[in-house]
Amino acid sequence: MKRIAVSLLVVASFASSAAFGADMAVKAPPAAAPPPSPWDVVVTGALMSDYNFRGITQSDHRPSTQGGFEWRYNFNPNFQGYFGLSGESIDFPNNAAAEIDIYGGVRPTFGKLALDFGVWEYYYPGGTCFNPVVCAGSTFVPGTALTALGGNVVKADESFTEFYAKGTYTVNDNLSFGLQEWYSPSVANTGADGWFTTGNTTVTLPSAWFKNGFGGYVSGDLGYWALGTSDAFYGFTNYTSYATWDLGFGWTWKVLTLDLRYYDTDLSKSECNAFTSAQSVSFSQSFVTAQNPNGLGTNWCGPAFIAKLSASIDFNSNLK
């Protein structure tokens, strides 16, 4: 009898548990998270002790500022389209108000290889023809650009377009290599075509070396700008193709980057003047050449050490 009683109690216990479980509300599965938006916006800003473009100052070796934003659309995890707008303060001989960059393209990715194809417009509004003695409005008097009056002359509009292809191969978290090719049919609206080829290496320092969210890197670039012959405004000048390089290091913290970098080219002061028609020049008999008969030279293409503090805010990543 005792065994029968115990068995009945066990059966009753299971039955009670089953009935209790049946009365409990079934908990609904958690709602699926919404898919991430394919749209993204990145806002950038920078303060620079000098604005350097391919080894040549764009701000007459004075401080410059930059601000811009870039819209991105991710068609899938390995293919992105983008459009950007940026502005930089400059100091050109034609007194252009600023540099406005308008660009766009696509970025396909294949594993560790990231590619980038696009077009870039450099727009310099508000310029006036530099050296009014040899300019009729913004039209040059043919045959006098580099020989008459011993002075430089620059068009009112130096805007131009480039097409580019870029590739970056990321070896690991600490090492990447890049190669870029840029082409313009008329560099700085001179009529001279230009092919700019550049390669770079970036070494990201181990995160264990830093604390409190700081990071660091070392990077360098080596480029070569193959330049053609100008139009009649600049006297059909054969511009000197040149090499340019930079080497620097930087610290990162959240959205901020402080970059300290050395720039230089192999252009002489005479060759630099023939290409830039800079307003900051000096005369020397040694600067007189067939390419640069006015004997003016400039340090716009010379060595420069530049500090740059920049910020980049990715609305999909930084503001979550």
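Net length available on complete extension from Leu256 to Ala290 is 7.5 nm, with 0.36 nm assigned per residue and the Cα-Cα distance removed. Judged by the mean number of other Cβ atoms found within 10 Å, the most tightly packed of the peptides 76-87, 157-168 leads the ranking 157-168, 76-87. Please report the net charge: other residues with Cβ closer than 13 Å to the Cβ of Ser59, K and R +1, D and E -1. Charge balance in the 13 Å sphere: -3. Calculate the length of the line joining the C-alpha centroid of segment 167-222 to that of segment 37-59, in whole Å. Segment 167-222 and segment 37-59 have Cα centres spaced 14 Å from each other. The overall shape of segment 270-313 is prolate: from the C-alpha gyration tensor, with semi-axes ordered a ≥ b ≥ c, the ratio a/c is 1.5 or greater and a/b exceeds b/c.
Rounded to the nearest 20, the Cβ-based charge dipole of segment 47-134 about its Cα centre (Lys and Arg +1, Asp and Glu -1) stands at 340 debye.
Taking a sphere under 12 Å around the Cβ of Ala188 and counting the other residues whose Cβ falls inside, with K and R at +1 and D and E at -1, yields a net charge of -4. When +1 charges are put on Lys and Arg Cβ atoms and -1 charges on Asp and Glu Cβ atoms, the dipole computed for segment 171-305 relative to its Cα centre reaches about 380 debye. Summing +1 for each Lys or Arg and -1 for each Asp or Glu among the other residues whose beta-carbon sits under 11 angstrom from that of Phe163 gives -3.
Where a number appears in this text, it was derived from the coordinates with a stated rule and is not lab data. For clarity, every value in this text was computed on a predicted model and none was experimentally measured. Glycine gets a Cβ as well: all are built from the backbone with ideal geometry, and neighbour counts include every protein chain shown.
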